[in-house]
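**Student:** Let me begin by handing over the structure; questions about it come next.
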Amino acid sequence: MTRKLALLTTLLAVALPVAAAAQTLVGQPTPWELGLQPAAADRMRDIIGLHQFVLYIITVISLFVGGLLIWIVMRFNARSNPVASATTHNSTLEVLWTIVPVLILVAIAIPSFRLLYFEDTIPKPDMTIKAIGKQWFWSYQYPDNGNFQFDALRIPDRRSAPAVPNGPPRLLGTTNHVVVPVGKIVRVLTTGADVIHSGAVPAFGVKMDAVPGRINQTWFRADRIGTYYGECSELCGANHAFMPITVDVVSQADFDTWVQQAKTKFAAAGTPTRVAAEH
């Protein structure tokens, strides 16, 4: 009994700090995470809500179909029914298995179309950022805040967690961060300089392809201050896994200060700032 109690105490001592650490991780993947990342924008909350709604529906359908199959196997096998039924038609069943799936699809379609509409309808933006996908890093332009531009390359593993305590997550940290003010509508223009890329930040519910020769647009409004991570989610080549996105959501005052510093830092003859990244 004493040994079991000691083992339980040890497991709790290990599990509680892990659980506490998992709760503090916002804007990035969490070890042993089962659901989606915590939302930092209304769009992501709507996505999570739709995901949960559909999950409930498919769970009920799976349980019903599984139970039905078990009941059929037990009730209508050759041993229980040596004389097979000659029934070939049942109007009630045929009406039900036509109408019920239609009603389920309508119930899923209504919130789906609503979500697609609000994702595609961009409110009046407070600022615009242009994200340019390149092999294999992102370049960002701030046309509304001085029209400066910079590159964001992956931070090498030796400078990332767990090699560096409190360092950026491995394969997610970047040399320069996208910085936006909290509570503001940010329009994001995306394009590709070479091949098709796709920028995605799960906590914001944002994912948009960056296609060469084409400008796509999306938007988000972050409502929580913090650092959020994303990646290129389009298979864009050999170093596709080394093309992360880092977004800092700050107060308006901190954003204004950062803009003034960025204008000087990235003003070198109007050219992007490049820092070599290691793999």
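The values are calculated or read from the model by the stated rules, or taken from the named source; none is laboratory data. Quantities reported herein were computed from a predicted structural model and do not represent experimental measurements. Positions of Cβ are backbone-derived with ideal geometry, glycine not excepted, and every protein chain shown enters the neighbour counts.
**Student:** Would you mind telling me which numbered condition in (1) assigned to a helix (DSSP H, G or I); (2) modelled with pLDDT of 95 or more; (3) of a type outside the set (Phe, Trp, Tyr) residue 130 fails?
**Tutor:** (1)
**Student:** Tally up the residues in segment 206-222 that are buried (at least 17 other Cβ atoms within 10 Å of the Cβ), aliphatic (A, V, I, L, M) and not in a strand (DSSP E or B), please.
**Tutor:** Within segment 206-222, residues that are buried (at least 17 other Cβ atoms within 10 Å of the Cβ), aliphatic (A, V, I, L, M) and not in a strand (DSSP E or B) number 1.
**Student:** Same structure again: If you take the residues of segment 242-271 that are in a loop (DSSP other than H, G, I, E, B) and either in contact with a helix residue (DSSP H, G or I) (Cβ under 8 Å, 6 or more places away or on another chain) or surrounded by fewer than 17 Cβ atoms within 10 Å (Cβ to Cβ) (or both), which of them is modelled with the lowest pLDDT?
**Tutor:** That would be 271.
Here is a yes/no grid of residues against (1) over 44 Å from the mean Cα position of the chain (by Cα); (2) of a type in the set (Gly, Ala, Ser); (3) within 30 Å of residue 45 (Cβ to Cβ):
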site	(1), (2), (3)
67	no, yes, no
98	no, no, no
105	no, no, yes
108	no, no, yes
